[in-house]
1. Please sort 89-102, 260-273 by packing, taking for each peptide the average over its residues of neighbouring beta carbons within 10 angstrom, highest first.
2. Please give the solvent-accessible surface of C60 in Å², to the nearest 10, using a probe radius of 1.4 Å with every protein chain present.
3. Using only the alpha-carbon atoms of the range 113-243 as identical scatterers, what base-10 log of I(q)/I(0) does the Debye formula give at q = 0.18 Å⁻¹?
4. In µm²/s, what is D for the range 224-319 at 20 °C and 1.002 mPa s, where D = kT/(6 pi eta Rh) by Stokes-Einstein and Rh is the Kirkwood radius from Cα pairs?
5. Rounded to the nearest percent, how much of the accessible area of the chain (1.4 Å probe, protein heavy atoms only) is carbon and sulfur?
6. Find how many whole Å separate the alpha carbon centroid of the range 105-182 from the alpha carbon centroid of the range 340-367.
7. Given a Förster radius of 56 Å and the C-beta distance between A117 and H38 as r, what FRET efficiency does 1/(1 + (r/R0)^6) yield to the nearest 0.05?
8. Among N234, N134, N75, which one shows the highest mean-square fluctuation when the chain is modelled as a Gaussian network with alpha-carbon springs under 10 Å?
Amino acid sequence: MTRLYFDHNATSPARPEVIQAVTEAMSVIGNPSAPHGHGRAASRLISEAREALGMAMGVCAQDIIFVGSGTEADNTAIYSAVKGGCKRLVISPMDHPAILLAAERSGAHVEILPVNAQGQTDMDALESTLANWNSEDGPPFVSVCVANSETGVLQDVACATELTHAAGGYILVDAVQALGKIPMTFQPDYLSVSAHKIGGPLGVGALYVGPDAPFTQLMVGGGQERRRRAGTLNVPGIAGFGAAVKAMTDLSHTRPIRDRIEAGLRGMEPQLYIFGEKAERLPNTSFFSVPGTEAATLLMALDLEGISVSTGMACSSGKALPSRAIQAMGVADRAPKGAMRVSLGYTSRPEDADRFLQAWAKIRRTTQVSHGAAA
């Protein structure tokens, strides 16, 4: 039986169009920086991908820099802002560790915004912080992700952007989990995305840098990407990114599958807790816990049933801990033994929900029998 893949928020399987585009690009032998015919052929692939991505992101294509990952994009934005005079960074705890850790290591003062129990960043707190900004801290820098990778909870990016710009600051919007799942209508100073979340190749990301945003080149050497990111461009990877963008489809079909899974689980698990359930979420994501159960054990059991999911745990010094985001929500007690994430994608089908629920019921029956025998 074919395995079920329910871990699209980690990596979405490469689309057939992407595999074809990468394969064809591998036969293009020129360096895209070379002026001869072979080089121009490679350069055209880069340009086509950049234009496709610009349209999908709703930004000027020429302001997009291709990088090695969403992490590199986020790091570049933060270090650019700090080098540009931002001495105080305001970060949402729902952001990816690539942002949180880069901010902490940047040398700037880092302020973490509060969030409610649903994982929504407190915009009143942001407004108050910006209203009382000390000019000695330089221009404000704010980072708010579009959607948390674990819970799928959406943030009020439009409000955060308006508040930040009104205060004369810069905002980074991490849209890695949003691209291909919801419309991209953001107007930030920095916007990060990644190819492998939409069925593109691993190891390719992009950063939009607004024309008025500070920018510092981190990778130095050659003059690639208009002297903004040195290094020979990953032509096959970028071509695959462009193909993935062109092949993106509406993922609204995943919402009823997700809802069916949650309803079925609730029928079997009265104590089921769904993180961010009362907030607006990505249509494809469910992050939940069942008190008294080990998430890692359930993950392994599902894996044996041919179903791939993930656990929402961060490992520190060999000890499993609730993620920083869940701790910030104040609901870490809801997942003392871990939580589980189901994230759907373009390969997901309605019947997958029934197969998942059947496997879950089988696992839970086996677990209860084992516990009864042990007693």
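The values are calculated or read from the model by the stated rules, or taken from the named source; none is laboratory data. Just so we're clear, the structure is a prediction, and the values are computed from it rather than from any experiment. Glycine gets a Cβ as well: all are built from the backbone with ideal geometry, and neighbour counts include every protein chain shown. When the accessible area is computed, the model is the full protein with side chains, heavy atoms only, and any ligands, DNA or RNA have been set aside. Shrake-Rupley method; radii C 1.70, N 1.55, O 1.52, S 1.80 Å.
1. Details: 89-102: 22.5, 260-273: 14.6.
Taking the mean over residues of other Cβ atoms within 10 Å, the ranking is 89-102, 260-273.
2. It works out to around 70 Å².
3. -1.08
4. Working: Rh = 17.3 Å.
So the translational diffusion coefficient is about 124 µm²/s.
5. Values: 8670 of 16350 Å².
Answer for the chain: carbon and sulfur cover 53 percent of the accessible area.
6. Spelled out, the Cα-based centre of one part sits 34 Å from the other.
7. Working: r = 57 Å, r/R0 = 1.02.
That pair, A117 with H38, gives E of 0.45.
8. Sorting by GNM fluctuation, first place goes to N134.
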